[in-house]
Every structure is written in C-alpha cells, then in structure tokens.
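The values are calculated or read from the model by the stated rules, or taken from the named source; none is laboratory data. Bear in mind that the values here come from a model prediction, so they are computed numbers and not experimental data. FYI the Cβ positions are ideal-geometry reconstructions off the backbone, even for glycines, and counts take in every protein chain you see. For the accessible areas, the whole protein counts, side chains as well, though only heavy atoms, and no ligand, DNA or RNA atoms are used. Shrake-Rupley method; radii C 1.70, N 1.55, O 1.52, S 1.80 Å.
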Amino acid sequence: MVSEKDPERPTPRHAATPADFVAVMRQLKSWTGLSFRQLERQAAQAGEALPRTTVTSALSRDRVPQEHLVIAFARACGCDEQEIDEWAAARRRIAAAEAAPPVQDEPQPRPTPPPGFEQKGFAGKLWHRRLVAELAALAVLVAAGVAVILHNSPDGPTQRKPLSITDVQPTPLEALQLPPPTEAQLRRPPAAPAKAPTVLYVGDSIATETSSALTYFVHRSGKAKVVTKARTGAALCDYLQPNQLPAQIAETKPRLVVLQFWGHSSTCTGTAAPGSDEYYERYHSIARQTAQQIGQVASRLGIPRPRMIWILQGPDRARPERIRRLNEEIYQPVADEYGDLVSDAGQQISMAANVYETVRDGRYRWTAFLPCDETERRYGLCTHPRAFGGVTQLHPEHDAHQLCRTTSTIRGRCTVTSPGVIRYTTAIARTITESL
C-alpha cells in the first residue's frame, strides 16, 4: 500500500473493506507523525475543516468515513491532488460495495438462551421511568428490524440499508475466540501460563470491578499474566507517588501497563473545578508525567519501557462532554505522543454499539440497554430476551456508572456474570492480546 510518488506513504488502493480503509487511514496518520490537533491545524491552513474529535472518532471505528472527511484528512497528511483523488475514489468504491444487497442465505434459527434467563413481569421490574424510555426507544430500533434507518451525518440524513446483527463486525468476545467466564471462574480466575509476560492493570473502581473478568480473558488467552493495582475513587496522579506506580513497575517489570481512569478529582489534581479548562490542562499534564515516569523507572531498572494502554471511557450520563474531552484531549493525544495504545472499551457500552442503527454522536450517548448480540444470546447474557426482540442491561437500576449487575462482590471485584463487564473487558483483553 505505497504511493508511486512516495514509496513509504500508505495508500488505500488495496483496501477492500471499511476496516481495511480505516486501517490505512491510521497508517497514514502514523506515517505523518502528526497528532490529531496538528492535523486539525494543517487542514485549517489548507482551507479544510477537520475537527480532531471527529477524526478521532472516525479512526476508532471500522466504518467508511464521510467523503469530505477523507479528503480533508488526506490533504492534512500532505497528499497531493492525485493522491487525494485516489483516496476519494477508494472511499466511494468501498462504500458502494458495502451498500450492495447481501446474498440471501437460508434463515438460521436464533440460539435459545439457557434456562433461567426467561423474563417474568419484566415491565414491573423497571424501577425508573427513564429505563422504560430507554426500552421504548430500543423498540423502534429492534422490533422492526427491517425498517429503513436514517443515518445522521454532518451532511444531513443519508438512507442506509436495514442492519441486522450479522451485518456488523464480530464482537470483541468473538474475536478473542473465548467463552465468557462462569461465576466460579470470576471468583477464582485461571492461573497464568508459566513465565508469561506481566500486564499491570492500574486504575479506579472500574478497574477493581472488572479485574476478575480481565484476568480470566488474558490468562485463558495464554498471552500474559495480569496484576491489578486499583482502588475506588483514585485519580491518575494518585499513582505518581514513589510507593505507587513506580514501585509496582519495579516489582512486576510489566510488558504492558493498562490505565483505567474515569477522571476523578483528587487532592493531587489541584483546585480547578472538574470540567473546567484548567482541570483538563492539569489532567493532561498528569497524563504526560505518567508516561514519562514509566519510561524513567524502566530506564533506571534497565528493562524495556512498558507500553501503555489508555482505556477510553464510556459515556457519562450526567456530563457527556466530560468523557469526550478526557478521551479526545488527554488519553488519545498522550498515547500518540509517546507511541502508546488506546483501547476503546467505552464504545462497547455506548449507543455506538447499537447494532441496528448508526446513532448520531452515539459514542458519547449513555444507555441502560443495548440490543443483544449473538454472543450474548448464545451464552445467556441477553438479560431480557423477550423484550423488544432481546435487549441486554448494561448497568444496575441503582447506578448509571457501575457495570456489575449486583453489589455482591469480592473486595470490589465483580463476580456475577454481567454483560456490561463482559463487553468492557473483552475490548481491553483484545487490545492486550493483539499487542503482545
């Protein structure tokens, strides 16, 4: 995938699918060495609009971006007019193939959920009207199934063919080729293979809550051993003390450091109000300090610098812009700057994971429920299989933040099979296993 004008510059001429096309876009960005903010400035200088939040979102999905975005992106990356035309033509070719009617196969019966997952009096169990509203909205998307859905874009509505579960990319769980853990396996995850490299999982209450499931997936993959250091309400800067992250790196000598932080404020984050520009500037500085400190500790120990994986957070129901700024102005840019990775676990629990509709700005739209995917149906994770064609509950009724379906935990670890936890941790596990 190289240009005749420049033997190193990636081009999309061999891309055959939306995932291929977006992968080459990511390659082109890496080739330029530019951050998302720098690309935005480059585009503006060329008279194009390329908001960094929009291009960040586009490069995190395996869907063909809008043509105007592809053109602005290619121009910002330094492509000449002939190369820009090639990008636009490839985009149109792949979009046309994606829109072509699929070959009709014999209908396949849906897997039947195991006994015990049938719902009785489902409507009476919904304690809050907002949850009923969530389900009513999903009824429009799921029950019809074959209705034409409008896709909102910056250019206005674009008609799309109806989607079904089989139209979408495999779920992270399917990509891992592992079954979800049983509750016994969550209580006592399998041991890691002997001499497996270490993955240090650092973070807050979400890290604690998801640690058993992540340990299960990574250990079952045979790729690594997970060591978790997490506590409720922790901020990133709480781990910069010598007896925190540096001590853990010295003890475990990890290959990867996975950072899961919801963006809590703490005494170490300063006096700026959460959500203010000053707060995010301070948080960005802390993230860079973390990346630098990990490199310094590794150098002092004489070991290779562990690669970092920043977890992109799921939607905040009360303050959606908070998470957008955290992901797009801090975690992604710092990962780019230091050659590290991100894992978009938060996408899996947002409206962007709705398999029936492309929801405008769905990545930052909180939801209590999503349509069940085939993995959830197969393994009995579809919590409400008779409601509107089958929906799964991501959060308990009492908490818009928690992913565990119950407060019954072992030292904060979720040991009850919970779809939100499974969706979240399989995305992280996939990033871990693919990077080792």
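Looking only at segment 210-228, which residues are open to solvent by 50 Å² or more (accessible area, probe 1.4 Å) and without any contact (Cβ under 8 Å) to a residue 60 or more places away in the chain? Walk me through it before giving the result.
Of all residues in segment 210-228, those open to solvent by 50 Å² or more (accessible area, probe 1.4 Å) come to 220, 223, 225, 228.
Scanning segment 210-228 gives R220, K225, T228.
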If A427 meets every condition in (1) among the hydrophobic types (A, V, I, L, M, F, W, C); (2) crowded, with 24+ Cβ neighbours inside 10 Å; (3) in contact with a Leu (Cβ under 7 Å, 6 or more places away or on another chain); (4) touching a residue at least 60 places away in the same chain (Cβ under 8 Å) apart from one, which number is that one? (3)
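To keep it simple, each residue is scored yes or no on (1) among the β-branched types (V, I, T); (2) modelled with pLDDT under 85; (3) surrounded by 22 or more Cβ atoms within 10 Å (Cβ to Cβ).
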{"residue": "D238", "(1), (2), (3)": "no, no, no"}
{"residue": "P254", "(1), (2), (3)": "no, no, yes"}
{"residue": "V257", "(1), (2), (3)": "yes, no, yes"}
{"residue": "Q260", "(1), (2), (3)": "no, no, yes"}
{"residue": "G275", "(1), (2), (3)": "no, yes, no"}
A careful count of residues in segment 29-65 that are touching a Lys or Arg at 6+ places or on another chain (Cβ under 9 Å), in contact (Cβ under 8 Å) with a residue 60 or more places away in the chain and either crowded, with 16+ Cβ neighbours inside 10 Å or aromatic (F, W, Y) (or both) gives 7
Take segment 396-424 and flag every residue that is small (G, A, S) and surrounded by fewer than 21 Cβ atoms within 10 Å (Cβ to Cβ). A400, S408, G412
Evaluation of T11 against (1) modelled with pLDDT of 85 or more; (2) hydroxyl-bearing (S, T, Y); (3) open to solvent by 10 Å² or more (accessible area, probe 1.4 Å) (one fails), failing number: (3)
Only unsatisfied item for N354, checking (1) farther than 16 Å from P315 by Cα; (2) open to solvent by less than 20 Å² (accessible area, probe 1.4 Å); (3) of a type outside the set (V, I, T), is (1)
